[in-house]
Each structure stands twice: as C-alpha cells, then as structure tokens.
Amino acid sequence: MAGLADVLGPILELMSWVGFIPGVPLLVWGLVIRRRRCQWTSTSGEVYTAGGFTGFRWIDQENVPRQTLVDAEVARGLVAGNEVKLHYDLCHPSRWGLEPPKHDNTVLILGWIFTGLGLLCTVGGFVLLLF
C-alpha cells in the first residue's frame, strides 16, 4: 500500500497545480465578463411599414421612442399594426431580437471545472496523507 501512496501523491500534487493555475484566472475572467455584460429586457413593440419596408417601433425604459427596420426574412410573417414581443439591450437599444438572447459564458464554466479539479485533487492529497 505504501507503493500506491508514493505514486498517487505526486500525481495528485501535479493535478492540483494543473487545476488551479488555469482555473482561478479563468474563473476571475468569467466573473468579470458576467459582471460587465449589459442587461436585456423585453417590451411590446408595434409592427409598422414605411415605403415598402417593415420595421418595429417601441418605447424603451427611459421613455425614448425607438424604431428599426427588419430584414426581409423576419418581415415575411408580420402584419402592420400587430404587436410583437421584443427583447433589447439596455446599454445598446439598437441590439434587439424577437427571441431572448442566450448568454453562454464558456470561460466561467471552464474556470469552475479547472478550479474544482484542483480543489478535488488537493483534498485527495490531504486524505492520502492520512492513510
């Protein structure tokens, strides 16, 4: 059994460093990205037509009227005067969509995985010292 502990000790120590060295900076970077990301909100907008083009008209949270023209693919199923649910960026209202945005934060996920691996290997190394 002493031979197994002699082999597992350095492996767990190495894997602790392999987990912590990239994991902690990725975790911090992912949290900064999540913190700096602008919030999106939803509102109801009206479909309008102007000179053969179709667009949306809505009022944002600061009571500023906004309007935008849409692509032909989006405009196909829309009728002027109908209301649609719009999702837009509070920091940049020109960024909008009919579907809510997906906020994937791959950096944060990788940071949690690497940091968790490093933490698990560190705990495993301390448990190995007890036996």
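Odds and ends about this structure:
- For the chain, calculated [θ]222 nm from helices alone, where every DSSP H run of n ≥ 4 adds -39500 (n - 2.57): -17000 deg cm²/dmol
- Intensity falloff of the chain expressed as log10 I(q)/I(0), Debye formula with alpha-carbon point scatterers, at q = 0.16 Å⁻¹: -0.83
- Additional length obtainable on full extension of the chain from residue 8 to residue 75, 0.36 nm per residue less Cα span: 17.9 nm
- The Cα center of the stretch 61-91 and the Cα center of the stretch 1-58 differ in position by 29 Å.
- Fully extended contour minus Cα-Cα distance, from residue 91 to residue 24, at 0.36 nm per residue: 21.2 nm
- Label separation (residue 123 vs residue 32): 2.9 nm, computed from points 7 Å beyond Cα along the C-beta direction.
- Near the amide H of residue 60, within less than 5 Å, lie the amide hydrogens of 66, all on another chain or at least 5 residues away, with H placed in the peptide plane.
- Between residue 67 and residue 104, the FRET efficiency from the beta-carbon distance, with R0 = 30 Å, is close to 0.50.
- Cβ crowding within 10 Å averaged over residues, with 61-72, 21-32, 101-112 ranked highest first: 21-32, 101-112, 61-72
- For the chain, the longest principal axis of the C-alpha atoms and the axis of helix 106-130 are separated by about 20°.
- With respect to the chain, whose longest principal axis is taken over its alpha-carbon atoms, helix 2-36 is tilted by about 20°.
- Across the chain: Cys residues that no other cysteine approaches within a C-beta distance under 4.7 Å: 121
- Spacing of the two label points (7 Å from each Cα toward its C-beta) at residue 42 and residue 112, in nm: 2.4 nm
- Heavy-atom accessible surface of the chain: percent carbon and sulfur, 1.4 Å: 64 percent
The values are calculated or read from the model by the stated rules, or taken from the named source; none is laboratory data. Values in this document were obtained by computation on a predicted structure and should not be read as measured data. For neighbour counting, all protein chains shown are included, and Cβ atoms are generated from backbone atoms with ideal geometry for every residue, glycine included. Ligands, DNA and RNA are excluded from the accessible area calculation, which covers all protein heavy atoms including side chains. Shrake-Rupley method; radii C 1.70, N 1.55, O 1.52, S 1.80 Å.
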